[in-house]
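The values are calculated or read from the model by the stated rules, or taken from the named source; none is laboratory data. Just so we're clear, the structure is a prediction, and the values are computed from it rather than from any experiment. All Cβ positions, even for glycine, are placed from backbone atoms using ideal geometry, and neighbour counts span all protein chains on display.
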């Protein structure tokens, strides 16, 4: 497929045999195809999960620019209704999810209009600004060619000044097959490589040599989309933080943890305005007693995380940091086992086989395979397996059974984690407690 | 009633309200150790409260989980098998089913529980994650066009288990993502982590001052669905402290330093991260450097 690396000596698509996609689909006993199709979908879901490799060091603080092609080619209706509208719809989902998963990151949007690059939104950490800007983009007139170089240059100019401990990325969504550049684009690519900015390209039409070259030089990923759901997958794969560049500087970042003022004085704080809306004429700042006060300069903000406008301190709350921890300590993949391996309950309880977490009664037809956690030895149905790994990020069994409780499994694999356990390599609950107490705030 | 109001009222008629009660049945809770009779009283209150929830609408659903010192189990509903049921005194069958199942199930759990040698913590976060799995299963299986509003009510008298901090946070954010409201009814102490969870998911936190009035508290504060609550006068939300405590001294801090690799929080600048052993780049130019440069000039 399009993602295959050029270097691996594969035969061309048209030289391979027929792909007999229909053979994978089998009718079930009632002659229905539903279960077979559901099977295929779930297999695909699990495959994605299995591909997630454990990373020791991630670029958790991300500064990402989305470079969006707004040229004539985006009006092609091969993605419904048009490439642009489909992209904008998916970007909405992407932006929501991006800030949900990367709470202390920033994002900006650049549009490539008629050979020029235009910054639609600056790098900020609030999704509202971007979603509003996306709405405006829906009515943009699509003319002429894009200029990849102008877009990259503009993003480069902004990302250059971002502190070096942050992960800097550009995601380009390209509809056009051509780019119209002022000078040699290779010089820009070299510059990006030097600055260690990771560039990824999603092409809506076909693989383009210069884009592939760009991603290879900057350690990014390249993908050409097949249809809208493939596009969605490609886009959402950019949500997980990338492995930190080896050369990325590590540093301690000064951050403020605001707390509401009332606690300190005992009585209600005076009415004040928040800094985030003070210059916003659409939604003027309202007088209120609540809000988050910067511990350094005392200016008030109504939402976190934010960078203080007065003193430049990054203001976060403890849960924001905690939300990112699951990237660092993912739940290990469960083992897939046949249905028969689940021990049935005692016969006076009906000899049922149940999913540990959702108490669904498993049956031999619908749940051909079950999933076992290697640490708590509990069995889960496929839906719970996916839910635990993709949404919950905590194994239900390990957290409800004392003894295995806590986060013992997080020491396996990975180089960063074992350090926590150097003294006590055994699976004692006490060691897990010590470790996780470090994380309690 | 105008059109919009009528639309919302038909919408609420058709929707399903799911209430999952996570009941802490750990015998080392302070309230239970004080007087073992209290557990019976709490259980009666929970059953009455659950039935009151079922009574509000025919579509409403209930689940009760017990979080004990050794395991988490479903008290109601039970998969597959049903307790033998007969109408008693003209009581609605579901009510007696709830009562019988919960009592029977809890009885067998307590009988089979291993003896408790020393007081231990309840793994509430794990029980809540189990509740989330159950809710997400029901959510997947409801028909098209039907809406389900789910909430979790935690009733506990024990302390929070600090070792489960990460699980708590994962649970809160999952609930927030799935629009599940987390309510907490604390019987003994104020629980700061669960307070944060209630705040994140727009739930209600209540610390009960008199255990005798538990049922009344439950019915007043937690029975109305979250959509209805803004119209009621409820206890004001407590001020939630979202400050982080540093990993080095465990003190709450206003301004701290965060490791860019593992996001550990420190109160002072240190050249090496004690959690992930990363060596940091010093901020700004090193103070020694200008001296060295100046010296040769002077000489």
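Taking the conditions exactly as written (in contact with a helix residue (DSSP H, G or I) (Cβ under 8 Å, 6 or more places away or on another chain) and at pLDDT below 90), does residue B:81 satisfy them or not? Quick ask: steps written out before the conclusion?
Working: in contact with a helix residue (DSSP H, G or I) (Cβ under 8 Å, 6 or more places away or on another chain): yes; at pLDDT below 90: yes.
Judged against the criteria, residue B:81 is a match.
Residues in segment B:200-214: is at least one within 27 Å of residue A:392 (Cα to Cα), in contact (Cβ under 8 Å) with a residue 24 or more places away in the chain, assigned to a helix (DSSP H, G or I) and within 14 Å of another protein chain (Cβ to nearest Cβ)? Spell out how you get there, then give the answer.
So the first thing to find is which residues in segment B:200-214 are within 27 Å of residue A:392 (Cα to Cα), and the list is B:200-206.
Filter once more, so that each one left must be in contact (Cβ under 8 Å) with a residue 24 or more places away in the chain: B:200-206.
Now narrow it down to the ones that are assigned to a helix (DSSP H, G or I): B:200.
Subset that is within 14 Å of another protein chain (Cβ to nearest Cβ): B:200.
Yes, some residue in segment B:200-214 is within 27 Å of residue A:392 (Cα to Cα), in contact (Cβ under 8 Å) with a residue 24 or more places away in the chain, assigned to a helix (DSSP H, G or I) and within 14 Å of another protein chain (Cβ to nearest Cβ).
Assess whether residue A:417 counts as being at pLDDT 80 or above and buried (at least 16 other Cβ atoms within 10 Å of the Cβ). If you could, list the steps in order and put the result at the bottom.
On the way: at pLDDT 80 or above: no; buried (at least 16 other Cβ atoms within 10 Å of the Cβ): yes.
So residue A:417 fails the test.
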Only one of B:240, B:221 is modelled with pLDDT under 85 and either surrounded by 16 or more Cβ atoms within 10 Å (Cβ to Cβ) or more than 16 Å from the chain's Cα centre (by Cα) (or both). Can you tell me which? B:240
Odd one out for residue B:144, checked against (1) more than 10 Å from chain A (Cβ to nearest Cβ); (2) modelled with pLDDT under 85; (3) assigned to a helix (DSSP H, G or I): (3)
How many residues, within segment A:367-392, are over 19 Å from residue A:345 (Cα atoms) and more than 12 Å from chain B (Cβ to nearest Cβ)? 2
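Each row is one residue, and each column tells you yes or no for (1) at pLDDT 85 or above; (2) over 23 Å from the mean Cα position of the chain (by Cα); (3) surrounded by 13 or more Cβ atoms within 10 Å (Cβ to Cβ).
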position	(1), (2), (3)
B:68	yes, no, yes
B:71	yes, no, yes
B:74	yes, no, yes
B:85	no, yes, no
B:103	yes, no, yes
B:109	yes, no, yes
B:119	no, no, yes
From the residues in segment B:242-259 that are free of Cβ contacts under 8 Å to residues at least 12 places away in the same chain and in contact with a strand residue (DSSP E or B) (Cβ under 8 Å, 6 or more places away or on another chain), which one is farthest from the other protein chains (Cβ to nearest Cβ)? B:252
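Can you find a residue that is within 24 Å of residue A:92 (Cα to Cα) and at pLDDT 90 or above anywhere in segment A:176-187?
So in segment A:176-187, the residues within 24 Å of residue A:92 (Cα to Cα) come out as A:176.
Going one step further and asking which of them are at pLDDT 90 or above, we end up with A:176.
Checking segment A:176-187: at least one residue is within 24 Å of residue A:92 (Cα to Cα) and at pLDDT 90 or above.
In contact with a helix residue (DSSP H, G or I) (Cβ under 6 Å, 6 or more places away or on another chain) and within 9 Å of chain A (Cβ to nearest Cβ), is that true of residue B:150?
In short, no.
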Of all residues in segment B:179-195, how many are outside any strand (DSSP E or B) and either out of contact with any helix residue (DSSP H, G or I) (no Cβ under 7 Å at 6 or more places or on another chain) or more than 14 Å from chain A (Cβ to nearest Cβ) (or both)? 9
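Restricting to helices (runs of 4 or more DSSP H) lying wholly in segment A:105-222: which have 3 or more residues that are within 21 Å of residue A:244 (Cβ to Cβ)?
Values: elements: A:127-137, A:148-160, A:185-195, A:209-217.
Where helices (runs of 4 or more DSSP H) fall fully within segment A:105-222 and carry at least 3 residues being within 21 Å of residue A:244 (Cβ to Cβ), they are A:148-160, A:185-195, A:209-217.
Anything in segment A:321-342 that is in contact with a strand residue (DSSP E or B) (Cβ under 8 Å, 6 or more places away or on another chain) and not in a helix (DSSP H, G or I)? List them, or say none. If you could, list the steps in order and put the result at the bottom.
Within segment A:321-342, the subset in contact with a strand residue (DSSP E or B) (Cβ under 8 Å, 6 or more places away or on another chain) is A:321, A:327-328, A:334-339, A:341-342.
Answer for segment A:321-342, where residues must be in contact with a strand residue (DSSP E or B) (Cβ under 8 Å, 6 or more places away or on another chain) and not in a helix (DSSP H, G or I): A:334, A:335, A:336, A:337, A:338, A:342.
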Yes/no for residue A:230 being under 26 Å from the mean Cα position of the chain (by Cα) and at pLDDT 80 or above: yes
Consider only pairs whose beta carbons are under 7 Å apart and that are at least six residues apart or on different chains; among these, list those whose first residue lies in segment A:347-370 and is not assigned by TED's automatic domain parsing to the domain that holds residue A:400 and whose second residue is at pLDDT 85 or above and outside any loop (DSSP other than H, G, I, E, B). none
